[in-house]
Each structure stands twice: as C-alpha cells, then as structure tokens.
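Peer 1: Have a look at this one before I ask anything.
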Amino acid sequence: MFVSFNLVDQPWLVVRPVGGGAPAEVSLWQALCEAHRFEDLVVDLPTQKPALLRQVLLPVVVRALGRPATTREWAQWFAAGAFTPTQLEAITAYLDAQREWFDLFHEKHPFGQVAGLRTAKDETKGTAVLVATAATGNNVPLFSPRSDADPLELTPAQAARWLLHAHCWDTAAIKTGVVDDPKVKAGKTTGNPTGPLGQCGVIVPIGRTLFDTLLLNVPSGPALRSDDLPQWERRTPETPAELSVASSVWHTREARGLLDIWTWQSRRIRLIPESTPNGTRVTRVVLAAGDRLTATPDVEPHTAWNLTPAGKTKGKSGTALPRRPRRHPQGKAAWRGLEALLATDREDRAATTTKSGFATSVLVNELRARRELLDADYPVQLELLGMVYGTQSSTFEDLYYDTIPLPLTALNIDSEVPGALLEMAAQAEGLAQAVNNLANDLRRAAGADPIPWDKGHRPGELVLHALDPLMRRAMIGMRTVDDDVDMLERGLLAWEQKADDITRRIGDRVIKAAAPTAVFAGRTIEQDDGKERTFRQSTAEANFGNRIEQILTRVHSVPGRLAALDSDQEKATQR
C-alpha cells in the first residue's frame with residue numbers, strides 16, 4: 001500500500017494562535033513561516049516540545065539561514081519579530097529542496113526511519129512502544145485506560161510526533177534485533193542507553209511567540225562543520241558509513257556538532273501504516289537499536305552541567321571524569337535549583353580539587369550575552385523537563401516538568417537581583433528545615449525517633465509548597481527592578497514578612513498535631529558525646545522561633561519590625 005504524508009505540507013504540528021483561539025494543526029512550512037502568529041506548540045506530553053524543536057524546527061532554521069554569527073546579528077533577527085521576506089524565501093527554498101526526505105511513509109527513505117526495517121521473523125509491535133503514556137509490556141503507567149493488548153491507532157500526525165519523541169526519550173535496555181544489524185545476538189541488542197535527552201535535565205527558553213522561542217533556542221557562533229548535518233541529509237549513498245542513518249547498522253560515536261546532536265537517531269524505527277475506515281492509521285511499528293553517544297558533547301545547548309572535582313579520577317590511567325549533564329531533582333520546584341541555572345560564569349563555580357562545580361546551559365549563557373539587547377522586562381520563561389525511568393531505565397515511570405519566569409536582570413552579574421533570588425531560595429530551604437527540626441524535636445519529646453530524611457512525609461515540604469507561588473511572583477516582579485536597590489529591598493522585606501507568617505502558621509499546625517501531655521513534659525536523651533539533653537515543647541518552640549529570626553534577618557531587625565507594624569496599621573485603616 002503506497003501512502004504519502006509529507007511533513008512539509010501536511011498539518012501535523014499543533015500550535016496555539018497568538019491572542020487566543022483554538023489550537024490548530026499546521027504543516028512544518030506554516031509553523032516556520034508564520035511562527036510569529038503562533039504563541040507556542042501544543043503537545044501531547046511536555047517532553048514532546050523539545051523533541052519537535054530539536055528534531056525538526058530548529059535544524060531547518062539553521063540549515064536554511066545559517067546561525068547568527070554574533071550576538072548583535074542575533075538581536076537584529078529577533079527585533080524583527082518575524083522572519084524577513086528574504087529569510088522566508090530561504091526557508092521555503094530549503095524545504096522545497098529537501099521535500100522528498102520529509103515524507104513519513106516514503107518507500108525508500110521514510111522520515112526519521114529505516115525503509116524495510118524488519119526482524120528475522122517479521123515481528124512487529126504495537127505503537128504503544130512509541131507512546132510514553134501508553135501501556136506496553138511491563139511498562140504500565142498509572143491510571144492508563146489501556147492494556148498492552150488494546151490496539152493503539154495513531155494518525156500520521158500523532159505518529160510523527162511520537163516518532164521524534166522516541167528518538168529523544170526512549171527507554172533503555174533490550175531492543176528488538178533486526179536483519180542486517182551485525183551487533184544482534186539471539187534476536188536482540190542489549191546495553192542500549194536511553195534517548196539522549198533522557199540523560200539530561202532539559203532547559204528550554206520560551207518566548208512570547210513561536211518565532212521568539214525558535215531564536216531563543218539558536219546559539220550564536222561561527223558556521224557549523226561541513227559534516228554536521230541533520231539526519232535527513234545523512235541518508236544518501238555518498239554519506240560516510242559512520243554517519244549514515246539509512247540502514248539498520250548503527251554506531252557508537254561522538255556527535256559531529258549541533259545539528260547532529262539535535263537530530264540524533266538513537267533508534268532505528270519503521271512505522272507501518274494501514275488503511276482504516278477512519279483513514280490512514282499507524283498501529284504497528286518496528287523499533288530497534290540506534291546510534292549511541294560516547295558522551296554528551298559540550299555543544300549540547302539544552303542542559304546544565306555538573307563539573308567533577310579535579311581530584312577525582314577514574315580508571316588506572318587517572319583520567320579525569322568529564323563534566324556530565326545535570327539532571328533535575330525529582331519532586332523539587334525549578335527555582336530550588338537557581339544556583340546552577342544562574343551560574344552563567346563557569347569559572348566562578350568551577351570544580352575545585354575536592355568540590356563539585358556546575359555550569360548553566362549554553363542557551364542561558366546566551367541569554368546573558370543577549371540581555372542588554374532585549375527589553376529588560378522581556379518575559380522569558382524557562383521550561384525544565386526530564387524523564388524519570390524505572391528499573392534499569394527500561395520503563396517510563398514519571399516525568400519532571402516545571403516552568404519558571406526568568407528575569408533577565410538575574411543574568412546581570414553587576415546587579416543585586418541574582419544574589420537576591422539565591423538568598424530567597426536559600427531562605428525557603430532554611431525555613432523548611434526549621435519546620436522539619438521542630439517536628440523532629442517534638443517527636444523526641446514524645447518519646448519517638450525523628451522521621452528519616454529519605455522516608456515519610458516531612459512537614460517542611462508544606463512550607464516550600466506554600467512559598468512556591470510567592471517565589472514565582474517575586475521572579476516576575478524582579479524583571480523591572482534592575483538597578484533600583486530600594487525597590488529590591490522593599491520586595492525582599494515583603495517576601496520575608498509573608499514567609500515568616502506562612503512558616504509560623506505551618507509550625508503551629510505541627511505543634512497542635514503533637515501529643516500534648518507527653519510533649520509538654522518532655523524527655524531527656526543521652527547524646528553521642530555522653531551529654532544529656534532534654535526535649536520538650538517549650539524548647540522546641542523557642543528553637544523554632546530563633547531559627548526563623550536567624551533566617552529572616554530583615555523582618556526581624558528593628559527597621560523591619562517597624563515596617564511590618566506600619567504595614568499592619570495601614571491594612572487596619574483600609575479595613
């Protein structure tokens with residue numbers, strides 16, 4: 001059955017129009033050439049967005065237009081608010097020239113796939129192996145309405161989106177062995193890593209429009225290497241064998257550069273379309289091993305990095321461990337990792353001989369350089385994404401997704417803003433720990449042991465949850481602060497007042513939940529140093545109050561107390 005679905009012309013990307021309106025499916029050409037008319041991509045799962053940007057949209061822009069050589073040239077592109085007529089002609093000409101390679105069901109070279117890919121027994125699997133939210137084998141997501149036995153019909157548009165998602169995020173471990181793959185043993189391949197983004201804490205800058213987002217995700221710099229090509233340009237007979245993605249043969253190698261890592265083919269896949277009463281659908285697929293990265297390259301723009309202490313080495317040769325992608329900590333709001341996000345000067349936070357360091361992403365560093373050429377209050381959002389895998393990374397267990405408003409002033413090393421944000425984040429962590437310590441002291445007073453740090457519910461999380469919206473509003477407010485130190489200090493004082501109130505209210509709840517009689521009387525415990533210490537409610541409350549005062553120094557200073565009193569009187573007058 002001959003079927004054609006060309007991504008250049010056929011609608012398959014879902015976009016949200018600027019100014020509101022229902023989401024609509026558009027073609028690749030329309031998504032690019034009318035990018036200024038769309039607010040953002042609409043995706044089935046948050047992790048699809050970086051896959052669509054990296055695997056198709058961004059590489060087409062860079063191949064058609066090159067990339068801005070300097071920050072100033074980038075700013076000229078950005079200030080236009082849309083692609084210029086000349087740029088639109090270049091994008092259209094490039095897509096016209098490459099159109100044949102963008103057919104999802106082409107007989108000889110289907111987009112992102114291998115034509116004729118098959119197992120020795122012509123076995124296929126359901127499309128659930130592509131869809132991270134679908135049940136397949138032992139991977140049964142929570143609340144999934146389907147079982148592995150239920151067929152999952154995908155429209156060509158859906159199949160295209162999940163195909164690209166698989167290349168970026170697919171699970172690790174055993175994959176089906178296919179014909180002509182010399183590395184197959186007993187009908188399978190082992191040792192497969194996850195897709196390249198599954199090993200990173202992904203950071204994607206998001207702008208006002210899709211056009212802005214595209215440019216915010218294109219690093220400036222010199223022309224790319226001649227062999228740094230997107231995957232669709234590495235399918236001709238002239239392509240060196242190591243770089244070719246046209247057959248079932250795969251390689252372990254380094255990425256050639258930006259376009260290579262963006263369109264990395266971590267799997268060999270074939271979608272199998274069929275005609276149904278509802279039109280062409282994909283229900284079966286062949287998914288096998290693909291190319292493996294030797295290491296995540298420095299040109300990877302969408303992740304922050306952990307820098308290994310220089311004193312730590314691996315192997316008998318003593319070779320220093322490379323820096324590694326920094327993953328987002330599961331269950332923590334993005335602002336709790338601001339120290340790494342704002343580490344725009346790598347040398348300031350470089351690893352020492354004994355201490356680990358970290359570096360922010362290439363694109364956040366680019367934002368720092370571009371900051372002075374953008375409006376100070378430009379509303380950049382950072383989307384942070386990551387995948388949580390199950391046993392041996394062989395199943396999808398959960399995903400990490402958060403978005404925070406990034407004030408460009410926070411990237412100005414001469415501004416007070418980055419220090420203020422880091423101070424607020426540290427205060428929030430300190431207040432959460434103060435509540436945890438209060439709970440632990442009350443448990444000791446009642447004759448119980450403290451809750452282990454890695455088990456059970458810790459009440460300090462209630463503090464962090466309650467402070468989360470305040471922190472995000474503060475970040476938005478700091479877009480307009482810049483050099484106004486007085487305004488910044490007023491904002492910090494207001495933050496401390498609210499943080500103090502929230503923390504004390506949660507502390508009161510913890511105290512009321514304790515067993516009153518036993519806690520009031522207290523208990524004496526002999527500590528490791530042989531000294532005795534008495535734990536009772538009164539000392540626990542006193543320690544809790546003292547700790548809050550040590551953390552929130554502004555509101556508990558004399559000027560801070562007077563300001564808080566003035567604020568309370570003003571509110572009373574208004575009432």
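Residue by residue, here is whether (1) loosely packed, with under 13 Cβ neighbours inside 10 Å; (2) without any contact (Cβ under 8 Å) to a residue 60 or more places away in the chain holds:
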position	(1), (2)
449	yes, yes
458	no, yes
462	no, yes
470	no, yes
476	no, no
479	no, no
486	yes, yes
490	no, yes
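Peer 1: Could I ask something else about it? Inside the range 92-115, can you point out the residues that are in contact with a helix residue (DSSP H, G or I) (Cβ under 6 Å, 6 or more places away or on another chain) and free of Cβ contacts under 8 Å to residues at least 60 places away in the same chain?
Peer 2: Within the range 92-115, 94 is the sole residue that qualifies.
Peer 1: When you go through (1) crowded, with 19+ Cβ neighbours inside 10 Å; (2) acidic (Asp, Glu); (3) more than 21 Å from the chain's Cα centre (by Cα); (4) farther than 27 Å from residue 125 by Cα one by one for residue 300, which number turns out not to apply?
Peer 2: (3)
Peer 1: Would you point out which residue out of 124, 171, 119 is crowded, with 22+ Cβ neighbours inside 10 Å and either at pLDDT 90 or above or within 17 Å of residue 264 (Cα to Cα) (or both)?
Peer 2: 171
Peer 1: I've got another one for you. For the range 402-428, which positions are outside any loop (DSSP other than H, G, I, E, B) and more than 23 Å from the chain's Cα centre (by Cα)?
Peer 2: 417, 419, 420, 423, 427
Peer 1: Next question. Is it the case that the range 367-378 has a residue that's crowded, with 18+ Cβ neighbours inside 10 Å and in a loop (DSSP other than H, G, I, E, B)?
Peer 2: Yes, that holds for at least one residue.
Peer 1: Mind counting the residues in the range 417-447 that are surrounded by 19 or more Cβ atoms within 10 Å (Cβ to Cβ), touching an Asp or Glu at 6+ places or on another chain (Cβ under 8 Å), more than 18 Å from residue 512 (Cβ to Cβ) and of a type in the set (A, V, I, L, M, F, W, C)?
Peer 2: Adding up the residues that qualify gives 3.
Peer 1: Within the set of pairs 6 or more residues apart or between chains, which connect a residue that is hydroxyl-bearing (Ser, Thr, Tyr) inside the range 31-58 to a residue that is surrounded by fewer than 20 Cβ atoms within 10 Å (Cβ to Cβ) with Cβ atoms less than 6 Å apart?
Peer 2: 47/399
Peer 1: Let me ask something else about it. Please verify whether residue 145 is in the same structural domain as residue 261 (by TED's automatic domain parsing) and modelled with pLDDT of 95 or more, treating the condition exactly as stated.
Peer 2: no
Peer 1: Hey, could you check the range 259-286 for residues that are closer than 30 Å to residue 225 by Cβ and among the hydrophobic types (A, V, I, L, M, F, W, C) and say which is surrounded by the fewest Cβ atoms within 10 Å (Cβ to Cβ)?
Peer 2: 261
Peer 1: Another question, then. Please enumerate the residues belonging to the range 158-211 that are in contact with a Pro (Cβ under 7 Å, 6 or more places away or on another chain) and either small (Gly, Ala, Ser) or not assigned by TED's automatic domain parsing to the domain that holds residue 276 (or both).
Peer 2: Answer for the range 158-211, where residues must be in contact with a Pro (Cβ under 7 Å, 6 or more places away or on another chain) and either small (Gly, Ala, Ser) or not assigned by TED's automatic domain parsing to the domain that holds residue 276 (or both): 172, 201.
Peer 1: Scanning for something closer than 16 Å to residue 505 by Cβ, assigned to a helix (DSSP H, G or I) and more than 32 Å from the chain's Cα centre (by Cα), does the range 458-466 turn up at least one residue?
Peer 2: No; the residues of the range 458-466 include none that is closer than 16 Å to residue 505 by Cβ, assigned to a helix (DSSP H, G or I) and more than 32 Å from the chain's Cα centre (by Cα).
Peer 1: Being over 25 Å from the mean Cα position of the chain (by Cα), more than 23 Å from residue 66 (Cα to Cα), at pLDDT 95 or above and among the charged types (D, E, K, R): is that true of residue 284 here?
Peer 2: Yes; evaluated as a whole, the condition is true for this residue.
Peer 1: Also, I was wondering about something else. Filter the range 8-18 for residues that are within 26 Å of the chain's Cα centre (by Cα) and in a loop (DSSP other than H, G, I, E, B) and give the result.
Peer 2: 12, 18
Peer 1: Scan the range 79-116 residue by residue and report those that are in contact with a Ser or Thr (Cβ under 7 Å, 6 or more places away or on another chain) and either over 22 Å from residue 177 (Cβ atoms) or surrounded by fewer than 16 Cβ atoms within 10 Å (Cβ to Cβ) (or both).
Peer 2: 103, 105
Peer 1: I'd like to check something: does the range 43-53 contain any residue that is among the charged types (D, E, K, R), modelled with pLDDT of 95 or more, over 22 Å from residue 221 (Cβ atoms) and part of a loop (DSSP other than H, G, I, E, B)?
Peer 2: Within the range 43-53, one or more residues are among the charged types (D, E, K, R), modelled with pLDDT of 95 or more, over 22 Å from residue 221 (Cβ atoms) and part of a loop (DSSP other than H, G, I, E, B).
Peer 1: Residue check, residue 444 against (1) more than 25 Å from residue 470 (Cβ to Cβ); (2) in contact with a Lys or Arg (Cβ under 8 Å, 6 or more places away or on another chain); (3) part of a loop (DSSP other than H, G, I, E, B), all met but one. Which one?
Peer 2: Only one criterion in (1) more than 25 Å from residue 470 (Cβ to Cβ); (2) in contact with a Lys or Arg (Cβ under 8 Å, 6 or more places away or on another chain); (3) part of a loop (DSSP other than H, G, I, E, B) is unmet by residue 444, namely (3).
Peer 1: Here's something else I'd like to know. Name the residue that is farthest from residue 436 (Cα to Cα), counting only residues in the range 484-542 that are modelled with pLDDT of 75 or more and among the polar types (S, T, N, Q).
Peer 2: The residue in question is 497.
The values are calculated or read from the model by the stated rules, or taken from the named source; none is laboratory data. Because the structure is predicted, anything quoted here is derived from the model rather than measured. Note: ideal-geometry Cβ built from the backbone for every residue, glycine included; neighbour counts use all protein chains shown.
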